[in-house]
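Structure first, commentary second.
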Amino acid sequence: MVIADRLRRRDLIVAGISLWSLGTVCCGLSHDFPHFFAARLLVGVGEAVLTPASISMISDSFPPRQRGSATSVFLMGMAMGAGGSILFGGLILRLVDSGVLRGTFLHGEASWRVVLLLLGILGIVPALLVCALREPKRQRSDPPPDPQLAPTQPAQVEATNESTVVPRASHWMRLAPLFLALGITSLVDNAVLAWTPSLLVRDFGMQASQVGPLLGTLLMIGGGLGMLAGGFLSNRARRRGYRNGPIAVALFSAALTTPVTILVLTGSINLVLAGVTVYVFLSCVGAAVGTLSLLERVPNRTHGFVMAVSFFLNVALGAGVGPVAVGMAADHLQLAGSGIGVAIVLIACPGFLLVTGLFYLALRNASRRQAGHSIPQITSA
């Protein structure tokens, strides 16, 4: 079990915000690569606390019928934050360059340093807001999803003999397609969004100063609406009694995402921007519904652990492999000039075909379990 499933989650979130804010300030104060690298590690450690602790806290704060909407609002904030960081980061940089801080002790410092110092100091505000929240009481388990099924007894959940270990391990294996689908979605998202600015600058002659505000706004709109739509569709499926409906929604959105990525090859900047916006919307629908489907299949007390595993895969595959994959494809195939769009499609299309297959596998596994009227609960080691 991770610490989010054991300690006070509110305090963990406050500690995480404080740590990544301190790391951001240290980034602004660093004067060589080793110091900057160490400061970035602080930022990463602090940010890693947020998602598992927040999801666990949300799960214990809302009943199952409202949990999808509450979680999707949290995920919406993450999606809009990704676009907002491009939009507002650029605006803050412009303000600093315009001399708005003239006469202060920050005047004369490099613009990027000033931006990092300001953002780190502003981290005090969300930390204080989280301090005002109450720690919700932990719910040991969810009610059974089917009224014909009896709830799992605590003795059955906590037992550690051989008869319970095997089903628990097999249940984790059945969750593997959802974990992998979300991880590969993150890989493709990072690949597409990391190289779209270069595509707009190289192929369409846009100025770098124009790309940030425009792309940031589109990502905020597409990502925010996608996460909200995912939560709405998940709740709607739950209310209508379709337990596996959310996975079907994720499957459908992943299948639609594949052809949308081809729009980056159209040669029209309007179609490219529209395609990127629709891509982000569909990808966020699948990510939101996939995450909610994952959480619905484990008890509340393991939500922190499950989100930590999912977050690890998202970062390892997304940030670690996604952007590099496009560059390697462009170099390996010697795609010069306007070849960035081709490289993006070569990563995105097969990636979402694989995601579609994984969601189909998850849906088939879930349907078999529902048909067998056997939904065992699990615990983390």
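The values are calculated or read from the model by the stated rules, or taken from the named source; none is laboratory data. All values reported here derive from a predicted model rather than from experimental measurement. Heads up, the Cβs are rebuilt from the backbone with ideal geometry, glycines too, and the neighbour counts pull from every protein chain shown.
Overview of values
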{"quantity": "Only listed residue being touching a residue at least 60 places away in the same chain (Cβ under 8 Å), hydrophobic (A, V, I, L, M, F, W, C) and over 20 Å from LEU354 (Cα atoms), chosen from VAL272, VAL280", "calculated": "VAL272"}
{"quantity": "Residue within region 58-67 that is in a helix (DSSP H, G or I) and within 21 Å of LEU122 (Cβ to Cβ) present", "calculated": "no"}
{"quantity": "Candidates ALA194, ALA254 - the one that is in contact with a Ser or Thr (Cβ under 6 Å, 6 or more places away or on another chain), closer than 28 Å to VAL324 by Cβ, of a type outside the set (S, T, N, Q) and at pLDDT 85 or above", "calculated": "ALA254"}
{"quantity": "Residues (among the small types (Gly, Ala, Ser) and part of a helix (DSSP H, G or I)) located in region 186-228", "calculated": "SER186, ALA191, ALA194, SER198, ALA208, SER209, GLY212, GLY216, GLY222, GLY223, GLY224, GLY226"}
{"quantity": "So THR257, is it in contact (Cβ under 8 Å) with a residue 60 or more places away in the chain and out of contact with any His (no Cβ under 8 Å at 6 or more places or on another chain)", "calculated": "yes"}
{"quantity": "Pairs where the first residue, in region 119-137, is in contact (Cβ under 8 Å) with a residue 12 or more places away in the chain and farther than 21 Å from LEU91 by Cα and the second is part of a loop (DSSP other than H, G, I, E, B) and basic (Lys, Arg), C-beta under 6 Å, 6+ apart", "calculated": "GLU135/ARG8"}
{"quantity": "Of all residues in region 230-245 being in contact (Cβ under 8 Å) with a residue 60 or more places away in the chain and part of a helix (DSSP H, G or I), the one that is surrounded by the fewest Cβ atoms within 10 Å (Cβ to Cβ)", "calculated": "ARG239"}
{"quantity": "Hits in region 350-361 (condition: in contact (Cβ under 8 Å) with a residue 40 or more places away in the chain and over 19 Å from the mean Cα position of the chain (by Cα))", "calculated": "LEU353, TYR360, LEU361"}
{"quantity": "Residue in region 33-51 that is among the hydroxyl-bearing types (Ser, Thr, Tyr), out of contact with any Phe, Trp or Tyr (no Cβ under 6 Å at 6 or more places or on another chain) and at pLDDT 80 or above present", "calculated": "no"}
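Residue-by-condition table, conditions (1) over 26 Å from the mean Cα position of the chain (by Cα); (2) modelled with pLDDT of 80 or more; (3) among the small types (Gly, Ala, Ser):
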site: SER59; (1), (2), (3): no, yes, yes
site: GLY77; (1), (2), (3): no, yes, yes
site: ILE92; (1), (2), (3): no, no, no
site: ASP97; (1), (2), (3): yes, no, no
site: SER111; (1), (2), (3): yes, yes, yes
site: LEU122; (1), (2), (3): no, yes, no
site: ARG140; (1), (2), (3): no, no, no
site: LEU149; (1), (2), (3): yes, no, no
site: ALA169; (1), (2), (3): no, no, yes
